[in-house]
1. So for each of 133-143, 161-171 I average, over its residues, the number of other beta carbons within 10 Å; can you give me the resulting order with the highest mean first?
2. Apply the Karplus parameterisation 6.51 cos²θ - 1.76 cosθ + 1.60, with θ equal to phi minus 60°, to every residue of the range 119-128 and state each ³J(HN,Hα) to the nearest whole Hz, in sequence, with x for glycine and proline.
3. Could you give the length gained by full extension between Arg230 and Ser204, i.e. 0.36 nm per residue of separation minus their alpha carbon distance, to one decimal place?
4. Note down the nm distance, to one decimal, between modelled labels 7 Å out along Cα→Cβ at Ala215 and at Arg69.
5. Which of the lysines could be linked to Lys185 by a straight reach, that is with a Cα gap under 18 Å, when you skip same-chain ones fewer than 8 residues away?
6. Keeping every protein chain present and rolling a 1.4 Å probe, give me the accessible area per residue for the range 175-230 in Å².
7. To make sure I understand the rule: partners must be lysines, Cα under 19 Å from the Cα of Lys93, and not fewer than 8 residues away in the same chain. Which ones qualify?
8. How much of Thr177 can a 1.4 Å solvent probe reach, expressed as accessible area in Å² and rounded to 10?
Amino acid sequence: MRRFAIALLLSVTTAMTGVGLTVGARADEVPVPRSYGDAMRWYRDASRAGDPKAMFYLGLTLEQGLQDRARPQEAIEWYRRSAAAGFALAQFKLGVLYQTGSIVEQDAARARDWYAKAAEQGMASAQYNLAVLLETGQGGAVDTARAASLYREAAAAGVSEAYLNLGGLYARGDGVTADAVESLKWLILAVDAGVEPAEELRGSVAAVLSVEERARAAAAADAWKAAHPR
């Protein structure tokens with residue numbers, strides 16, 4: 001079962017309490033209000049003036065009811081406005097909402113569309129989630145070759161679950177040329193990153209390789225880590 005990068009949304013709310021944006025924008029691009037009351041006033045004023053980042057954070061405050069009660073339907077409208085204006089976090093958020101059926105009716109095809117927009121802006125979590133939908137055929141046709149490409153981009157940005165999925169694709173020759181050494185490389189990276197399901201698959205792939213091939217895979221994993229420090 002493929003895991004999704006939904007947890008990112010939980011950390012986004014810290015930006016409203018003084019910790020900066022999680023991804024997609026610098027913390028100094030959006031002033032941090034001192035209280036939720038100030039936040040609501042600032043976000044509303046800035047949103048009405050057309051600021052897509054403020055629209056997104058206004059949506060979060062409304063969805064979570066941080067000032068009084070939750071207003072999910074108002075929240076979704078601000079998410080849509082922010083996403084339509086090109087804000088990657090809002091596009092990712094809509095992808096998650098349509099994928100999970102939260103606030104809106106579940107629609108994996110729309111989730112794909114919104115993830116794709118955020119992925120095009122280089123958002124690693126969106127690249128990973130879109131790749132999972134493409135690999136599993138949720139919301140449209142299966143496209144494992146594109147999924148593999150997106151997993152590589154997400155892996156380069158530090159999404160460790162992508163290591164496991166790439167290891168599986170190379171082991172099966174699904175969307176890529178079957179390559180047990182390359183598979184083991186990715187699985188070594190997944191195990192080192194603490195991706196729990198990777199250990200068993202790593203053992204299975206390693207068992208079919210020679211000592212020399214296992215050494216090549218380990219060296220390739222070390223080279224990857226050196227080229228992509230986290």
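1. Values: 133-143: 16.7, 161-171: 24.8.
In descending order of packing, they fall as 161-171, 133-143.
2. 5, 4, 8, x, 7, 5, 5, 5, 4, 5
3. Details: separation 26, 0.36 × 26 = 9.36 nm, distance 2.74 nm.
Length gained, Arg230 through Ser204: 6.6 nm.
4. 7.0
5. Lys185 reaches Lys225.
6. Values: 3140 Å² over 56 residues.
Accessible surface, normalised per residue, equals 56 Å².
7. Cross-link targets: Lys53, Lys117.
8. 110
The values are calculated or read from the model by the stated rules, or taken from the named source; none is laboratory data. Everything quoted here is computed from the prediction, not taken from an experiment. Note that we place each Cβ from the backbone using ideal geometry, even for glycine, and neighbour counts take in every protein chain shown. Note: areas computed on protein heavy atoms with side chains; ligands, DNA, RNA excluded. Shrake-Rupley method; radii C 1.70, N 1.55, O 1.52, S 1.80 Å.
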